[in-house]
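This report concerns only the one structure given below.
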Amino acid sequence: MFVIRLPNGNLMVPESVISDGGQLIGDAYVEISPGEADYERFAARALTEDEAAERRRQWQEGDEPLRREFLDFLARHGHPGRGQNAGDGHSGRGQNSGDGNGPA
């Protein structure tokens with residue numbers, strides 16, 4: 001998540017809500033304006049909306065070769081933890097063992 005500078009000069013700052021047990025409940029953006037606490041600190045690293053969109057686009061493009069490599073791996077080796085026949089709809093569970101007690 002980025003700190004985003006809006007056209008009116010306000011900043012959209014990411015904020016997380018954490019439970020008492022330390023688990024993440026949710027992420028959101030809050031809008032702060034000049035003069036508010038921490039504005040200057042956040043403004044130093046803020047991106048425009050266009051800059052943030054460009055970074056997301058670059059990350060997605062950079063992820064594409066890795067995604068293709070991963071899909072190729074799954075096609076060759078099956079899904080980890082699901083056995084070799086993961087791609088054919090058979091997990092190896094519930095197959096007839098030939099003793100008359102398994103599913104037909």
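Which residue out of G35, G22 is without any contact (Cβ under 8 Å) to a residue 12 or more places away in the chain and under 24 Å from the mean Cα position of the chain (by Cα)?
On the way: G35 fails: under 24 Å from the mean Cα position of the chain (by Cα).
Going through G35, G22 in turn, the sole match is G22.
Which one of these does I18 not meet: (1) among the hydrophobic types (A, V, I, L, M, F, W, C); (2) modelled with pLDDT of 90 or more; (3) surrounded by 10 or more Cβ atoms within 10 Å (Cβ to Cβ)?
Among (1) among the hydrophobic types (A, V, I, L, M, F, W, C); (2) modelled with pLDDT of 90 or more; (3) surrounded by 10 or more Cβ atoms within 10 Å (Cβ to Cβ), the lone unmet condition for I18 is (2).
From the list Q95, Q60, which residue is under 30 Å from G9 (Cα atoms) and at pLDDT below 85?
Working: Q95 fails: under 30 Å from G9 (Cα atoms).
Unique residue meeting the criteria: Q60.
Find the residue count for the range 63-92, including only residues that are part of a loop (DSSP other than H, G, I, E, B), modelled with pLDDT of 50 or more and either in contact with an Asp or Glu (Cβ under 8 Å, 6 or more places away or on another chain) or on the phi < 0 side of the Ramachandran plot (or both).
First pass over the range 63-92, keeping only residues part of a loop (DSSP other than H, G, I, E, B): 78-85, 89-92.
Then keep just the ones that are modelled with pLDDT of 50 or more; that gives 78-85.
Then drop every residue that is not either in contact with an Asp or Glu (Cβ under 8 Å, 6 or more places away or on another chain) or on the phi < 0 side of the Ramachandran plot (or both), which leaves 79-80, 82, 84-85.
Summing the residues that are part of a loop (DSSP other than H, G, I, E, B), modelled with pLDDT of 50 or more and either in contact with an Asp or Glu (Cβ under 8 Å, 6 or more places away or on another chain) or on the phi < 0 side of the Ramachandran plot (or both) in the range 63-92 gives 5.
State yes or no: is A75 surrounded by 11 or more Cβ atoms within 10 Å (Cβ to Cβ) and either free of Cβ contacts under 8 Å to residues at least 60 places away in the same chain or touching a Gly at 6+ places or on another chain (Cβ under 8 Å) (or both)? Don't jump to the end; show me each part of the working.
Details: surrounded by 11 or more Cβ atoms within 10 Å (Cβ to Cβ): no; either free of Cβ contacts under 8 Å to residues at least 60 places away in the same chain or touching a Gly at 6+ places or on another chain (Cβ under 8 Å) (or both): yes.
Criteria not met by A75.
The values are calculated or read from the model by the stated rules, or taken from the named source; none is laboratory data. Values in this document were obtained by computation on a predicted structure and should not be read as measured data. Positions of Cβ are backbone-derived with ideal geometry, glycine not excepted, and every protein chain shown enters the neighbour counts.
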